[in-house]
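Working notes, structure below.
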């Protein structure tokens, strides 16, 4: 597909509806912008999968329990870093 669009005075570009529909791009969807100096690439940032996040949290909680890490240990570590 090839479309022509323009850059507004605010630097905004309209992505043609056909492409937005094909890529399921909704309003507010974050995109990462790449440039090699003469080309621009817009790439949608994938939405995180909540089940993957939950699995990571569960694995982290299991590890913390296994090594004996407490909430107080985490609070102390945060305070130490903030003092630096």
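We did not get these values from a lab; they are worked out from the coordinates using the rules stated. Note that the structure is predicted; figures quoted are calculated from it, not measured.
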Pairing the Cα long axis of helix 50-67 with the longest principal axis of the chain, what angle in degrees results, from 0 to 90 and rounded to the nearest 10?
20 degrees
Taking the chain and dividing mean pair separation by its residue count, relative contact order in percent (alpha carbons under 8 Å, at least six apart):
12 percent
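State the percent of C-alpha pairs, over all pairs in the chain, separated by a distance greater than 19 angstrom. Kindly include the intermediate steps, with their values, before the conclusion.
Values: 2245 of 3486 pairs.
Value for the chain (Cα pairs over 19 Å): 64 percent.
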Taking Cα atoms only, helix 71-83 is inclined relative to the longest principal axis of the chain by an angle, in degrees rounded to 10, of 70 degrees
Considering only 40, 19, 74, give the residue with the highest GNM mean-square fluctuation for the chain, with springs between Cα atoms whenever their separation is below 10 Å.
74
Normalising by the residue count of the stretch 1-45, find the relative contact order in percent from Cα pairs under 8 Å and 6+ residues apart.
23 percent
